[in-house]
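The values are calculated or read from the model by the stated rules, or taken from the named source; none is laboratory data. Note that the coordinates shown come from a computational prediction; the quantities given were computed from them, not determined experimentally. So basically every Cβ, Gly included, is an ideal-geometry build from the backbone, and we count neighbours across all protein chains shown. Just so you know, the surface numbers come from the protein's heavy atoms only, side chains and all, with ligands and any DNA or RNA stripped out. Shrake-Rupley method; radii C 1.70, N 1.55, O 1.52, S 1.80 Å.
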Amino acid sequence: MGDHQNDDVFSFFTTPNDSDFSSAAATPSTLFNPCSYSYSSSSSGDESHPSAPSVDDSNKRIDYMIQFLDRRLSQDGNFDAIGPVNDADGSDSLPEFVGKCGGTGIFKVPIRSAVHPNRPPSLEVRPHPLRESQIGRFLRTMTSTERQLWAGAEDGGLKVWDFDGMYGSGRGLEVEDTAPYKETSEMEIGSSVVCMIGDEGSRVVWSGHRDGRIRCWKLRDDDHVIEEALSWQAHRGPVLSIAISSYVIFCFTFSHVTTFVIGCLGDIWSGSEGGALKVWPWEGLGKSLSLKMEQRHMAVISVERSYIDPRNQTSAYGFANTLTSDVTFLVSDHTRAKVWSASPLTFALWDARTRDLIKVFNIDGQLENRNDMSAFPDFGIDEDAKMRIATASRKEKSQSSLGFFQRSRNALMGAADAVRRAAVKGGFCDDSKRTEAIVISADGLIWTGTANGVVMRWDGNGNCLQEFSYQSSGILCMFTFCSRLWVGYSNGTVQVLDLEGKLLGGWVAHSGPVIKMAIGGGYLFTLAYHGGIRGWNVTSPGPLDNVLRAELAGKEFLYSRIENLKILAGTWNVGEGRASTDSIVSWLGCAATGVEIVVVGLQEVEMGAGVLAMSAARETVGLEGSPLGQWWMDLIGKTLDEGSSFVRVGSRQLAGLLICVWVRHDLKPLVGDVDAAAVPCGFGRAIGNKGAVGVRLRMYDRILCFVNCHFAAHLEAVSRRNADFDHVYRTMAFSRQSSSLNSGAASASVGVSMPRGGNAVNTFEARPELSEADMIVFLGDFNYRLDDITYDETRDFISQRCFDWLRQKDQLHTEMEAGNVFQGMREAIIGFPPTYKFERHQAGLAGYDSGEKKRIPAWCDRILYRDSKSHLGADCSLDCPVVSSVSQYDACMDVTDSDHKPVRCVFSVKIARVDESVRRQELGNIINTNKKIKVMLGELSKVPETVVSTNNIILQNHDSTILRVTNKSEKHIAFFKIICEGQSIIEEDGQAHDHRARGSFGFPQWLEVSPGTGIIKPNQIAEVSVRLEDFPTVQEYVDGVAQNSWCEDTRDEEVILVLVVHGRFSTQTKNHRIRVRHIPRGCTTAKKHYDDRPKTSGQINALHRSDYQQLSNTLDVVEQLKELAQSIEEEPPLSRRGLL
């Protein structure tokens, strides 16, 4: 995980003395007291949220607490329960045999807890939804604004969560019980959302869609309904990436504070397939957004034709043929006014002001050759190589006497030579290093993540500075905020780095790939490929985690409940035969009464060399199953009353192996994420005459796996059977790959590139997928026999039903006792005769093999399992969520259709589940009422107090004014950025009219602001230059080509700049608003109106006091103003002109 002691969060924070605070203990007076459930708002929103849990939520708390007390009373021997006990069927559990060595390595029970001990407590915004319920509408991207979290789905729909209501109950919205949200109409869009970006200045969200359209969204002020503000056809192909750009005038650095420059246009840049890149000027977008809703459709055509194609300017530089790859990422460098467009293997750097291409380079930082790519752009082959290939081709045509293989060899050798030459030149790169994520951090550096888990750090000019590798899994997303960088991997891991690349911590955030991140409301939100969203405190890992974990775990009984169900598992080696309906009824019919899940495993459904060869061939192309396998499933389904009582949810066949799972009809909505897998163990681990097939499903958010096995035969093949099990356990993989997922998630790279500045570190041990299941059931023909006993002796003991002595000869129990196989698994004590080998259609125990071979009877057909218990006495809880026992384990000796007897086992299972709605409310209650946590959060998320020198600026005749921003904190660093909230026209009366919003960084062209972002150290001052440019040149573009240009008279105009300040670990902000008014030459009327406004006590020599609400006391303000006045006097006259 890395050394946390050097993390910034530890450097300034000291945990208060525990004795000074009283923990929010869960007592009856506080559990249901409405006052204890008041939620504070992070920002002043218009929505009002309930201050107390609903009646239904309170009733659920009471039910869960009663159930908890009943369990505790039962453990203490007091069975006079105070509420209804819905336990198992009440039948006595059978004694069990337990295999050794189950608590170590890959056979260790997975860690489960009310709050996972190896990761920070999370806010379940959208709990992991069942895959079957999300088909065609999975969430695929996410972004955030100041007050909301936005997510886009495959069907084009949007979901919006308000940060103020994150702890509320989402009952009735979705079966997954998400936090309260708004969403678009189901049939409103229809085209998948590919990318999204929040626009702080305009308070809108821009989304790019698979149909090539860009859409603008906002929440209506009155009812908070999601409204489409603008939509136009941007590309012929999908919009793969989108960014808001800026342009820069100059850059400088003070000795006491690092600053960056920005003067912003606010244009929208969008990328698509085939290198398509377009720039949409804000002027056209702003005009369209300023129209009324019923008028905007008329402006769509003009918007669609207003784009600028920056690639039109690249042919003169020789780059035209290199910009043909899909533009999968766009990042705007607001500190240098550049835009990075990224393809999987190349980067292009653009000037955001002129839209000129600066450079093209590959993922190794090598510049792309401009002149050698016209004929062979994909490989970068030089003229000499082209000539050799052409010459070799002519020679091959003339040498008709050469054989086919010789000609093929020559062609391959020539191609290999060309590839080697291209690789040497840097035009062809390792595909495992393809770029999968790109972000820019607060210090102005660019960070990229690759498919092989390498994090790369670049400077603003495209020079690779350093590489880091802490995971071999592919990186799918990254996010940066203040002094931290979060990295999301294809294995579900999230890691936290500082801006020097040092690993601060990491944890498994989801059970699937992490594909997107966003920040807001004090949380970093992660979106998993399965559609679940979790929020992680931005201070994690840190001291707050342990306190929250303890508090939340202590209230487990308020948000957890126990579910009971029965599982019927049956196994039968059918010996290539077909069974009668009566045999199936005898085996499964009566036993299926009252059960919720039925699992059936068959062996030797069909065998023979032809069947095995055909099965192997079908497996290679992803096909499985057979008509005979379908016949068996239909027969069993008919017995189970499939379609009425039960529903088939999953199956898998590998040659003669078949497994199928049915679920009771009314429980089908609770079962999902069904996956199947197969592992051949036959010749060369490739043939399915021996092996295993499995089905995995999720129920009550717990993973259940069922594996049907057929291991090596013959008495002496014990070690081979052990090896078969080990191979199956380690290699069975249920995870299904998807072409729609980023290629980095599909598979981890075999080789991990070593970093230039450190060593590769794997922080999480890879475990087999079966190891992560909450319950595994192994069933099948394991083929373990009886040792050191003759055929006649065995028959005698069977006739006397002396099974205890026979069990001592059982190979399986001997190997399990030695810890060689089925480590930690359990099996009910066998009380039925050996199930192998019988003469077909001969009833009774007299049917054992009496032929020439006289095979010794044995218990070949078995059913074993492992649940969540780490020891036999464990009770069902969130720490031990699945607890099972066996209530029935027997064989159907009257079935004679095969040389094996069918075996069945009934499990009584208890599953502890979490009510995420109640748990979310409890988390909010803890955060808002626990004094210790409130103090810790207040210290960690503190926004430093800042003061600005003025909030009114007048510019005239190329004026330049210095805006000073002071960080008054003694120990906290302040991060700031400046955005443009809008532009207005000043009328004769001196008042602002016709207010128009602009993009987040959409400064008008007559205004230059630098720096636009920066970091202010404690007790230091940052200086921001605000400069006027009269009569800027404006160009109009139609279909990507400049048509007209003119010199704009800006008249009297005013913009509102918002200086946004936040702390190191705070997503909340403190804002200063500065009015900047442009008065043209010779115009004094507006200036007089402006100067005639009443002065406040803070307005001294045009250094107006900020309108920010939480200023320091009067003495501090006076002292600050004196310092500013003194600094002005010390400046040369030319520098003071803009202020005085």
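Counting only protein chains, not ligands or nucleic acids, how are ILE446, ILE515, ILE66, ILE301 ordered by accessible area (probe 1.4 Å), most first?
Putting ILE446, ILE515, ILE66, ILE301 in descending order of accessible area: ILE301, ILE66, ILE515, ILE446.
Describe numerically, in nm with one decimal, the distance between label points set 7 Å from Cα along Cα→Cβ at CYS802 and at ASN546.
6.1
Quick one: grab the alpha carbon gyration tensor of segment 510-636, order the square roots of its eigenvalues as a ≥ b ≥ c, and give me rounded if a/c is under 1.5, else prolate or oblate depending on whether a/b is larger than b/c.
Since a/c reaches 1.5 but b/c is at least a/b, the shape of segment 510-636 is classed as oblate.
Search the structure for amide H atoms under 5 Å from the amide H of GLU1053, placed 1.01 Å from N in the peptide plane, and list their residues when 5 or more places away or on another chain.
It is ILE986, HIS1078, by chain and number.
Want the number for ASN461 to LYS292: 0.36 nm per residue separation, take away the alpha-carbon distance, what's left?
Value of the extension gain: 56.6 nm.
Give the accessible area for LYS932 in Å² (nearest 10); use a 1.4 Å probe, count only protein heavy atoms, and leave out ligands, DNA and RNA.
About 40 Å², rounded to the nearest 10.
Using a Förster radius of 60 Å, what is the FRET efficiency between HIS665 and GLU839 based on their Cβ-Cβ separation? Nearest 0.05, please.
0.90
What do the square roots of 5 times the Cα gyration tensor eigenvalues come to for segment 809-915, in whole Å, largest first, as semi-axes of the equivalent ellipsoid?
34, 17, 9
Once phi is turned into ³J(HN,Hα) by the Karplus curve 6.51 cos²θ - 1.76 cosθ + 1.60 with θ = phi - 60°, what whole-Hz value does each residue of segment 598-609 show in order, with x for glycine and proline?
Values per residue, Gly and Pro as x: 10, 10, 10, x, 10, 10, 6, 4, 8, 9, x, 4 Hz.
Please work out how much length the chain gains when fully extended from SER580 to THR593, using 0.36 nm per residue of separation minus the C-alpha to C-alpha distance, in nm with one decimal.
Values: separation 13, 0.36 × 13 = 4.68 nm, distance 2.01 nm.
Length difference between fully extended and current span is 2.7 nm.
Sort out for me the Cα centre separation of segment 594-612 from segment 130-145, rounded to whole Å.
35
Run the 1.4 Å probe and let me know the accessible area of GLU815, rounded to the nearest 10 Å².
30
Taking amide hydrogens as modeled 1.01 Å from N in the peptide plane, which residues meet the under 5 Å criterion relative to GLY1014, leaving out close sequence neighbours?
Long-range HN contacts for GLY1014: PHE976.
As a test of reading the structure, rank THR324, THR929 by solvent-accessible area (1.4 Å probe, protein chains only), most first.
The ranking, largest first, comes out as THR324, THR929.
Compute, for GLU273, the solvent-accessible surface of its heavy atoms (probe 1.4 Å) with the complete set of protein chains present, and express it in square angstrom to the nearest 10.
Counting only protein heavy atoms, GLU273 exposes about 100 Å² to solvent.
Between SER719 and VAL300, how many nm apart are label points set 7 Å from Cα along the C-beta direction?
7.4
Give me a comma-separated list of calculated 3J(HN,Hα) values for segment 485-490, in order, Karplus coefficients 6.51, -1.76, 1.60 applied at θ = phi - 60°, integers in Hz, x for any Gly or Pro.
10, 9, 10, x, 10, 5
Can you tell me the Rg and the Dmax, both Å, for the Cα atoms in segment 439-541?
12.7, 38
What is the gain in length, in nm to one decimal, between ALA617 and THR814 on full extension, counting 0.36 nm per residue of separation less the C-alpha to C-alpha distance?
Numbers: separation 197, 0.36 × 197 = 70.92 nm, distance 3.78 nm.
Going from the current span to full extension adds 67.1 nm.
When the Karplus curve 6.51 cos²θ - 1.76 cosθ + 1.60 is applied with θ = phi - 60°, which whole-Hz ³J(HN,Hα) does each residue of segment 117-131 get, with x for Gly and Pro?
For segment 117-131, the Karplus-derived couplings read x, 9, 8, x, x, 10, 9, 7, 5, 9, x, 3, x, 5, 4 Hz, x marking Gly and Pro.
Using amide H atoms built 1.01 Å from N in the peptide plane, name the residues 5+ places from ASP890, or on other chains, whose amide H lies under 5 Å from its own.
Amide H neighbours of ASP890, under 5 Å, 5+ apart: ARG904.
Run the accessible area of segment 517-665 with a 1.4 Å probe and give the carbon-and-sulfur part as a rounded percent.
Ligands and nucleic acids excluded, carbon and sulfur reach 54 percent.
Below 8 Å, C-alpha to C-alpha, sequence gap of six or more: please give me the relative contact order for segment 439-541 in percent.
Worked out over segment 439-541, it gives 17 percent.
Heavy atoms only, 1.4 Å probe, whole protein assembly: order LYS869, LYS108, LYS910, LYS555 by accessible area, highest first.
LYS108, LYS910, LYS869, LYS555
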